[in-house]
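Some notes on the structure that comes next.
Any read-out appearing in this document is the output of simple, stated calculations on the displayed coordinates, not a laboratory observation. Owing to the predicted nature of the structure, the values given are computational and were not obtained by experimental measurement. Here the Cβ is made from the backbone with ideal geometry for all residues, glycine too, and neighbour counts use every protein chain on show.
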């Protein structure tokens, strides 16, 4: 069933849902406005929109790749066996059924939500969160994507280089900042800082591999002795499983609702907490990440990043793509505790490199404020009154 709404949001991934939620936080000032907005999370359960209080609708992609089916042949074949063709056909049919209903559409991600917005009609604002000129090619996009972008009312991209290159290729794209940075703006790190200890952010991500990633990162941190590690856990992370069976050498020193404190025989300490991502990044000096959006937010805050391939869908191919994007803002480490610990030690002992990496990351991601700017553009497309300030 399609809700009655003026503004529709289409997004196809966890990070894309987060971006959509950040925009909707600024877009909907009242319950009455929120009731005139609806979101189609094309991948996953749309939990971010549900937390925002916005109605969700539409057929979902729950394939094994979690939206990364094009990253490798094995991932694509798993999706194919699990109903890839039927999933996308149902989404195409549904997008066509929306034709003439939206006053404005925000499409976030890659060609999938962009194509859905084109099929649905209505003026569309496309935020290309999945592609970048930093990934390779002239502007990081293919001819089909460029053709569809030329039909959109507005095109926004994730970095300045991509905007310039798309312009050369005939797409009127703009870079006004990355909404991801609004999700970590204003973090308060004082509660997590520790006198005399180096503070690391360990970012395991939010996908199915997050528990395995968290254990690997804690294994690496155990080799660093005096560090304090801050590990942000997503809402669905099973803290009880970590509490009952901590990684070797770690023991639970305190537990409360939504948080654990751990200590290691070698002297390292860790705090695992839900709902404190921005605060944990604000308190940290170095980030070690196995995430997508989380890694980018850390880089944008000026944290030098040690990027590690995840154990699931954000594995080696995804990691290689993101490394091209991060450039001088990140360094690599293999998904091995000794390799991660060694990379962290070397970076901790090189303040010049850390400063240069931080500067590169801030320049790449841009300042906060894009979510509010996108919200205003959507209001204009839908004929709503602009929000000033």
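Residue ranges 263-271, 378-386 sort as 263-271, 378-386 when ordered by packing (mean number of other C-beta atoms within 10 Å per residue, highest first).
Dividing the mean sequence gap of close Cα pairs (under 8 Å, 6+ apart) by how many residues the range 241-308 holds gives a relative contact order of 19 percent.
The C-alpha atoms of the range 244-306 occupy a region whose extents along the principal axes are 33, 26, 19 Å, arranged from largest to smallest. Quick one: compute the contact order of the chain, relative version, from alpha carbon pairs under 8 angstrom and 6+ residues apart, as a percent. With pairs under 8 Å counted, the relative contact order is 15 percent. Structural descriptor for the range 190-365: relative contact order 24 percent, calculated from alpha carbon pairs under 8 angstrom and at least 6 residues apart.
In terms of the Cα gyration tensor, with a ≥ b ≥ c the square roots of its eigenvalues, is the chain rounded because a/c is under 1.5, prolate because a/b exceeds b/c, or oblate? Because a/c hits 1.5 or more and a/b exceeds b/c, the chain counts as prolate. Over the residues of the chain, the helix contribution to mean residue ellipticity at 222 nm works out to -12000 deg cm²/dmol, using -39500 (n - 2.57) for each DSSP H run of at least 4. Between helix 84-97 and the chain there is an angle of about 50 degrees, using the helix long axis and the longest principal axis of the Cα atoms. Evaluate E = 1/(1 + (r/R0)^6) for residue 243 and residue 161, where r is the Cβ-Cβ distance and R0 equals 45 Å; express this FRET efficiency to the nearest 0.05. Once rounded, the FRET efficiency stands at 0.50.
Output the antiparallel fraction of DSSP beta bridges having both residues in the chain, as a percent to the nearest 5. Display every interim value, and only then the final one.
Values: 11 of 53 bridges.
That works out to approximately 20 percent antiparallel.
Among 111, 85, 43, the largest mean-square fluctuation in a Gaussian network model of the chain, built with springs joining Cα atoms closer than 10 Å, belongs to 85.
Going by alpha carbons, how many degrees (0 to 90, nearest 10) lie between the helix axis of 337-348 and the longest principal axis of the chain? So the helix axis and the longest Cα principal axis differ by about 90 degrees.
What angle, in degrees between 0 and 90 and rounded to the nearest 10, separates the Cα long axis of helix 14-27 from the longest principal axis of the Cα atoms of the chain? It works out to around 70 degrees.
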